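Every number in this text was worked out from the coordinates using simple rules, so none of it is lab data. Everything quoted here is computed from the prediction, not taken from an experiment. Cβ: placed from backbone, ideal geometry, glycine included. Neighbour counts: every protein chain shown.
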Amino acid sequence: MNPRNLPSPNRLFAWYQSGEITREQWIEGMRQQFLLALREIEEDRADPKLALMESWRCKSAVRRLTKEHTETELREVFMALAEIDDFPPATYLWNADQHDVPLFCFLREKRDPVLRFTKMQIRRMSADLSIEYGGLKSKDRVRERIRLRRDWRGVLTVESRETS
């Protein structure tokens, strides 16, 4: 079970509703998501100090992001990223619109797979992001610049993506 190749639950459901996958494929995808969550819970219970340090790192990263942007803006960007089919961190961003889940839960500073926002500029009609994701070692990470733009419905969608 590789979380980098696992589609997010909202994408699985969209594919199921559109008829692209069968009910059995949808259930299997959701089972894989559930097993991934259970594995992370087991890791946190096995090493609670490491889990606490990771949550502190992520809370600090969220504080940096919320200095310039509101929680609503960040959640909207996270949801736009979760809709990208070939974006591996979408597995961890799919429920960013749920306000009962704290923002720090969506970042992964030193937990495999890493997800960091190195630069973020959100404006009314667009957002420019620099993101690092992938392995724990810097050489194993993918660095992407993503530009989001509002479509006619007011929803942020991907305008351009480039790997650096």
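The helices (runs of 4 or more DSSP H) located wholly in region 1-104 that include 2 or more residues which are exposed (fewer than 15 other Cβ atoms within 10 Å of the Cβ) occupy 9-18, 23-46, 48-66, 71-82. Sub-9 Å Cβ pairs linking a first residue in region 40-64 that is free of Cβ contacts under 8 Å to residues at least 24 places away in the same chain to a second residue that is part of a helix (DSSP H, G or I) and of a type in the set (Lys, Arg), at least 6 apart or interchain, are ALA51/ARG45, ordered by first then second residue.
In region 18-52, what residues are within 26 Å of LEU107 (Cα to Cα) and among the acidic types (Asp, Glu)? Passing the criteria: GLU28, GLU40, GLU42, GLU43, ASP44, ASP47.
Does ARG111 satisfy the condition of being surrounded by 17 or more Cβ atoms within 10 Å (Cβ to Cβ), in a loop (DSSP other than H, G, I, E, B) and among the basic types (Lys, Arg)? Here the answer is yes, as ARG111 does meet what is asked.
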